[in-house]
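Every number in this text was worked out from the coordinates using simple rules, so none of it is lab data. Keep in mind it's a predicted model, so treat the numbers as computed, not measured. Virtual Cβ from ideal backbone geometry, glycine too; neighbours counted across all protein chains shown.
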């Protein structure tokens, strides 16, 4: 990570109606990283949902329609529903007038329910774990340069952003930024596959049982690749307090030239 960049400087800076990405928003295959793009979208949904009193953002899905350029971006959010307990928002991300990605999020207003069989907390201490030795490096700066990645004894990769994604708090944005890397986490040390294929995901969806707590997200990922050039990556997610939810991504396999 560039030592000249302040650790509290957001990866996406807001300038009026536009978002300006920093170099660390880039992905490995050209354009911006899917975790940065989807994180920006859900951050805006989470902020808008809080302002509208919709409750907690517990699930969101983002479709990545075309590569996002390293250029000013704009977001636009629309209210789809506001009910007694549930609400929904849709957020569009554009660049130069072109639709880049589209996300939809579902909100739930918490209400105490007696005698609920809740999952017990399973505290973890990711900051005591060793670094993930397979962290990807590229000739240019990418989102990986802004991620602190560790690994535990069960093969779960833990990640946290060393810089905020946006200039306001968004727990769901942090979860998307880390969980979007499920495919490289699942590949682990398969350098033969990394040399032979690119594997961009065309979407990402998270379903959580509660909001993430703390900065760390643990990802236990597995991938299912098919010979017709498609696949699925699914991940179990947790945070410092225990089980959190699931992430799924549709993968497009492309042989390297």
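Below are the figures for this structure:
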| item | result |
| --- | --- |
| So residue 75, is it surrounded by 15 or more Cβ atoms within 10 Å (Cβ to Cβ) and either touching a helix residue (DSSP H, G or I) at 6+ places or on another chain (Cβ under 6 Å) or under 18 Å from residue 168 (Cβ atoms) (or both) | yes |
| Single unsatisfied condition, residue 63 versus (1) without any contact (Cβ under 8 Å) to a residue 12 or more places away in the chain; (2) touching a strand residue (DSSP E or B) at 6+ places or on another chain (Cβ under 6 Å) | (1) |
| Residues of segment 27-72 classified as within 17 Å of the chain's Cα centre (by Cα) and surrounded by 23 or more Cβ atoms within 10 Å (Cβ to Cβ), total | 20 |
| Meets criteria (part of a loop (DSSP other than H, G, I, E, B) and surrounded by 12 or more Cβ atoms within 10 Å (Cβ to Cβ)) for residue 117 | no |
| Residue match in segment 156-177 (condition: touching a residue at least 24 places away in the same chain (Cβ under 8 Å) and farther than 27 Å from residue 104 by Cα) | yes |
